[in-house]
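Presented below is the structure to which this report refers.
The values are calculated or read from the model by the stated rules, or taken from the named source; none is laboratory data. The structure presented is a predicted model; accordingly, all values stated were derived computationally and were not measured. Cβ sites come from the backbone with ideal geometry, for glycine too, and all protein chains shown count toward neighbours. The area values use the complete protein model at the heavy-atom level, side chains included, leaving out ligands, DNA and RNA. Shrake-Rupley method; radii C 1.70, N 1.55, O 1.52, S 1.80 Å.
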Amino acid sequence: MPTALPLPLSTPNRNLVRLTIVRGITWTGFLMAIIVGIELLAFKLPVTAVVSVVIAMGMLNIATWWRLGRPRAVSHGEYLSHLLADIAGLTLLFYFSGGSTNPFITYYLVPVTIAAATLPWRHAWIIAACAMAGYSFLMFYYHPIRLHILGMWLNFGLSAGLVTFFIYKMAHALRSRDKALSRTREAALRNEQVLAVATQAAGTAHELGTPLSTMAVLLK
């Protein structure tokens with residue numbers, strides 16, 4: 001009898017894997033931008049504070065990889081907390097590097113887009129509201145620095161690339177899951193058809209067996 005095919009790893013777990021990859025790429029890019037800004041463009045940054053934020057986000061990524069090795073499934077609440085941590089890290093980084101004048105400020109749209117594509121609408125609105133609050137705060141409170149228009153170009157390229165990567169991977173995972181569900185439904189339907197045929201055959205055999213038994217008794 002055909003057996004149902006196993007479903008792929010749960011979507012929240014896969015999304016957290018992708019978010020961890022995106023976070024690693026993002027903060028590596030931020031670190032490189034900081035080094036270039038300090039060494040080549042002579043930006044006056046509070047280096048200790050900025051590097052501390054980058055290290056903290058790196059430690060979060062390491063802890064996330066460790067957590068993904070555990071058998072416990074990722075819930076929407078846990079996934080939400082990771083996106084909130086990303087927004088908090090971005091806010092701290094921007095606070096020490098120009099606030100709303102930082103060309104990377106629009107990177108807030110990346111976690112907002114990810115939340116809108118992967119979380120229930122209530123959680124997605126929480127992320128959007130927190131990102132807006134962080135942006136609003138940085139309009140008034142920040143350490144000013146002189147920035148270069150090159151940063152705006154780099155920010156657009158980084159944001160566009162990461163959003164495209166995450167949305168494509170998520171859509172591919174959903175398509176794969178839909179195919180697996182379709183195969184499972186087809187297997188279940190075949191099982192039901194086989195069971196129906198077997199039930200009908202058993203009923204027919206019973207109906208034929210009763211008169212035959214009666215004739216056998218009469219003949220004896």
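Restricting attention to segment 63-113, and to residues there that are within 19 Å of Val17 (Cα to Cα) and not in a helix (DSSP H, G or I), which single residue is least open to solvent (accessible area, probe 1.4 Å)?
Here the answer is Val74.
So if I check each of Gly134, Gly161, Gly151, which one is within 30 Å of Ala33 (Cβ to Cβ), more than 19 Å from the chain's Cα centre (by Cα) and modelled with pLDDT of 70 or more?
Result of the check over Gly134, Gly161, Gly151: Gly134.
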